[in-house]
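A short worksheet on the structure shown next.
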Amino acid sequence: MTWKLTLPTARYDTTGTTVEVGLGTPLHVSITSKAKGLGGLIAGFQVIPSDDPTLTGQPKTAELHANKPLKCDDCYVRENDLIAIYPQVFPWAFGFQVDFRFQKGLVAGVDALELWLSVQTSLLESAPRLTLYPTADETFWKEGRYWVAGHGQTVMIPHPLDRTDYHPTASPETGEVSQIDCFGGFMEKGVIRRARWLLAWSSSPTSKSPLSRSTIEAVYKRFAESPLPLTA
């Protein structure tokens, strides 16, 4: 199995799920389960770039998205990796890249999508940020080192070495996560910042049971010990 790239989308099909990446603006990802009684979207998110206009002197992010959005300029497949590049264009002060790696059977009964996010500045003053907005009906709740969907079928895990680059916005009453900001803060010209995270889910085409705590901990341990992607 490998990615099927037909611009502007890419798909990865398995026995239990389908991963679809929309490479337009904004970049979006959806995970659809094929399990009987659970068929449908079990996880999804958008990746929205933004910058701090007080540092760049450029228009506010809303104006940038409306008038000059960052677009995917190049996308290719290498084995189980899908690489999407959104280069900097004026008046943006940075560009970004997302590497997707499908992890079949990361642990028993669990598939995963590893994301390697990177931003690179081209101007002296910039504060690039990539924000992940959940789009599925089921929202995520913060549980210690990771975020678990309400239905329990999926979990989002930031790599422990990159935790300081992730800033979730969660309700103080419920813990429900409305967005996860990655990076932000001042960066000088030519600097590259990278961070990894993982979206994992039950791969069984028949099971509707939530991921157990022991399974999530096994996924976390495997991800924490995994090597960097070749693009690192």
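Ligands, DNA and RNA left out, the accessible area of the chain computed with a 1.4 Å probe is 53% carbon and sulfur.
Determine the shape class of the stretch 134-232: with a ≥ b ≥ c the square roots of the Cα gyration tensor eigenvalues, call it rounded for a/c under 1.5, and otherwise prolate if a/b is greater than b/c, oblate otherwise. Oblate is the answer for the stretch 134-232, as a/c is 1.5 or above yet b/c matches or exceeds a/b.
Helix 213-224 versus the longest principal axis of the chain: what angle, 0 to 90°, nearest 10, using Cα atoms? On a 0 to 90 degree scale, this one is about 40.
Counting GluC sites (Glu not before Pro) as exposed when in a DSSP loop with at most 13 other beta carbons within 10 Å, what is the longest stretch of the chain free of them? Value returned for the longest uninterrupted segment is 80-172.
Cross-link partners for residue 221 among the aspartates and glutamates, with Cα-Cα distance under 17 Å and sequence neighbours closer than 8 places in the same chain left out: 111, 114, 143, 162. Ordering 124, 97, 66 by Cα displacement along the dipole of the chain toward the positive end leaves 97 in first place; charges were set at the Cβ atoms of Lys, Arg (+1) and Asp, Glu (-1). About its Cα centre, the dipole of the chain is roughly 480 debye, where the only charges are +1 on Lys and Arg Cβ and -1 on Asp and Glu Cβ.
Extension gain for the segment residue 213 to residue 122, taken as residue separation times 0.36 nm less the Cα-Cα distance, is 28.5 nm to one decimal. Rounded, prolate or oblate for the chain? Axes are the square roots of the Cα gyration tensor eigenvalues, ordered a ≥ b ≥ c, and the cut-off for rounded is a/c under 1.5. It comes out prolate by the Cα gyration axes.
In terms of its C-alpha gyration tensor, the stretch 1-63 has a prolate overall shape, because the principal axis ratio a/c (a ≥ b ≥ c, square roots of the eigenvalues) is not below 1.5 and a/b outweighs b/c. Projecting the Cα positions of 209, 224, 192 onto the charge dipole of the chain (unit charges on Cβ atoms of Lys, Arg, Asp and Glu, taken about the Cα centre) puts 209 furthest along the positive direction. How about the stretch 57-110: which trypsin sites (Lys or Arg not before Pro) there lie in a loop by DSSP and see at most 14 other Cβ atoms within 10 Å? For trypsin sites (Lys or Arg not before Pro) across the stretch 57-110 that sit outside H, G, I, E and B with at most 14 neighbouring Cβ atoms in 10 Å, the list reads 60, 71.
Accessible area per residue was computed with a 1.4 Å probe on protein heavy atoms; residue 1 scores about 150 Å².
Solvent-accessible area per residue in the chain equals 46 Å², computed with a 1.4 angstrom probe and all protein chains kept.
Counted residue by residue at 0.36 nm each, then reduced by the alpha carbon distance between them, the extension gain from residue 5 to residue 80 reaches 25.8 nm. Using +1 at the C-beta of Lys and Arg and -1 at the C-beta of Asp and Glu, which of 170, 87, 75 has the Cα lying farthest in the positive direction of the dipole of the chain? Sorting the options by dipole projection puts first 75. Residue 129 sits among other residues whose Cβ lies under 15 Å from its own Cβ, and their net charge, with Lys and Arg +1 and Asp and Glu -1, is -3. Distant-in-sequence amide contacts of residue 71, defined by a placed amide H-H separation under 5 Å and a gap of 5 or more residues or a different chain, comprise nothing.
The values are calculated or read from the model by the stated rules, or taken from the named source; none is laboratory data. This structure is a prediction, so every number in the text was calculated from the model and none was measured. Positions of Cβ are backbone-derived with ideal geometry, glycine not excepted, and every protein chain shown enters the neighbour counts. Surface areas here come from the heavy atoms of the whole protein model, side chains and all, with no ligands, DNA or RNA. Shrake-Rupley method; radii C 1.70, N 1.55, O 1.52, S 1.80 Å.
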